Every structure is written in structure tokens, then in C-alpha cells.
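**Q** One structure coming up, written as C-alpha cells, with questions to follow.
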Amino acid sequence: MDKKVRDLMNAQINAEFYSAYLYLDFANYFADAGLAGFQNWYMVQLQEERDHAMLMLKFLQLKGEHVDLEAIAKPDKDLSSALDVLKMGLAHEQYVSQLINDIYAAAQEAKDFGTTQFLDWFVKEQVEEEDTAGSLIKKMELFGSDPRGLYLLDQELAARVYTAPSLVL
Ligand code: MG
């Protein structure tokens, strides 16, 4: 593999595990706040992020590359309100989209079309992640300030169940 592409992919494994860790921090915030549905939502999100990391790890191994696991940073965001947390979630997904796009561009430049094809799934996934995070903010802004609205929204989010990623290597 092109060294730059390999290094970016290796770094992305860490970024995905960091996402999982960040969402666990979000889940803990909502556990403390007594919002078990929101907690559940981010626990599912955590599992998805772990899957993303493992897919990338497996892909690098399929390509015969060694994987270097790095330390996962401490989630140090100041979680001050539920709405703030949701907004941080969207900002984080937008950041991750940029990272994926950067790897995609590097792979294209290296004519590594096996990697761009692999990353196509992630490009699509990021569009969904940003849409989902944005929708959650809208719902929270519409209904979150009303206790009954918040209760119903929490119940809606409690119904989310984890499903394995559609991408199989
Ligand atoms: Mg991800």
C-alpha cells in the first residue's frame, strides 16, 4: 500500500475508537441525567464506531499491512447540556467525514482503487451519520424544552437497537 494511505487508514482506526469512546462519554452523561433512551442511543452509536474501527483494521490486514494501535485520547469535552451534547455529536461526525474524505483523496491520488471502493461505504455512512445527528438536534430543539416532549423523545431513542454493519469483508 501507498505509505500515506496506509498511515491515514491506521490513524483512522484510532479515530473510530475515539468516536466510540466519545459516545460512551455521551451515554454516561445521559445516564447521569436519567435519560435512558438517549443513553441507549449513544451506546448503539458506540457499537457502530467500534465496528468502523474493526472494519478498517480488517481491511488493512487483508492488504497485508501491519496495524499499529495507538493510545485513545480521553474524551475531554465539557458536557453542559443535552442539546450541547447533541451538537458536539454533529460537529464530531462532520470532522470524521473530513478525515474519511482526506483518506479517499489520498487513495485516489495513489490510484489505490481497492481502498476507494472500500471507503465508498464509509462516505455513504458519514452522510447518514450527519443526517441522523442533525435530525436529533432538530427534534431536541422542537420538543426538548417541554418535559413531556423530552420524555417521549427519550422513549423513541430507547427503541434503537444495534445492527451489524452492512459492509462485510
Ligand atoms: Mg465512524
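The values are calculated or read from the model by the stated rules, or taken from the named source; none is laboratory data. Only a predicted model underlies this, so the values are computations on that prediction, with no experimental measurement involved. No Cβ is skipped: glycine too gets one built from the backbone with ideal geometry, and neighbour counts run over all protein chains shown. In case anyone asks, the SASA skips ligands and DNA or RNA and just uses the protein heavy atoms, side chains included. Shrake-Rupley method; radii C 1.70, N 1.55, O 1.52, S 1.80 Å.
**Q** Skip the ligands, DNA and RNA, and give the accessible area per residue of the chain with a 1.4 Å probe, whole Å².
**A** Accessible area per residue: 54 Å².
**Q** Here's another thing I want to ask about it. Kindly flag which residue pairs out of LYS87/LYS139; LYS74/LYS124; LYS3/LYS111; LYS87/LYS138; LYS63/LYS124; LYS87/LYS124 have an alpha-carbon separation exceeding 19 Å in this structure. Write out the running numbers ahead of the final one.
**A** On the way: LYS87/LYS139 12 Å; LYS74/LYS124 28 Å; LYS3/LYS111 13 Å; LYS87/LYS138 10 Å; LYS63/LYS124 22 Å; LYS87/LYS124 21 Å.
Listed pairs above 19 Å: LYS74/LYS124; LYS63/LYS124; LYS87/LYS124.
**Q** Hey, what number do you get for the chain at 222 nm if only DSSP H runs of n ≥ 4 count, each worth -39500 (n - 2.57), divided across all residues, to the nearest 500?
**A** Here the helix-only value at 222 nm equals -27000 deg cm²/dmol.
**Q** Taking only C-alpha pairs under 8 Å that are 6+ residues apart, what is the relative contact order of the chain in percent?
**A** Details: 168 pairs, mean separation 54.3, N = 169.
Relative contact order comes out at 32 percent.
**Q** Please list, short to long, the whole-number percent of alpha-carbon pairs of the chain in consecutive 5 angstrom bins beginning at zero.
**A** Final binned percentages: 2, 8, 17, 21, 18, 13, 9, 6, 4, 2, 0.
**Q** What are the ³J(HN,Hα) values, in whole Hz, obtained from phi via the Karplus relation 6.51 cos²θ - 1.76 cosθ + 1.60 with θ = phi - 60°, for each residue of the range 148-163 in sequence order, with x given for Gly and Pro?
**A** Per-residue couplings from phi come out as 5, x, 5, 4, 5, 5, 4, 5, 4, 6, 5, 7, 5, 10, 6, 10 Hz.
**Q** Any idea how far the Cα center of the range 125-169 sits from the one of the range 77-96, in Å?
**A** 13
**Q** In addition: Where the centre of each part is set by its Cα atoms, how far does the range 1-52 sit from the range 102-119, in angstrom?
**A** If you average the Cα positions of each part, the centres end up 23 Å apart.
**Q** Same structure, new question: Hey, for a label at ALA164 modelled as a point 7 Å past Cα toward Cβ, could you say which residues of the range 51-66 have their backbone N under 13 Å away?
**A** It comes to 51, 55, nothing else.
**Q** Using a probe of 1.4 angstrom, how much of the accessible area of the chain is carbon and sulfur, in percent?
**A** 55
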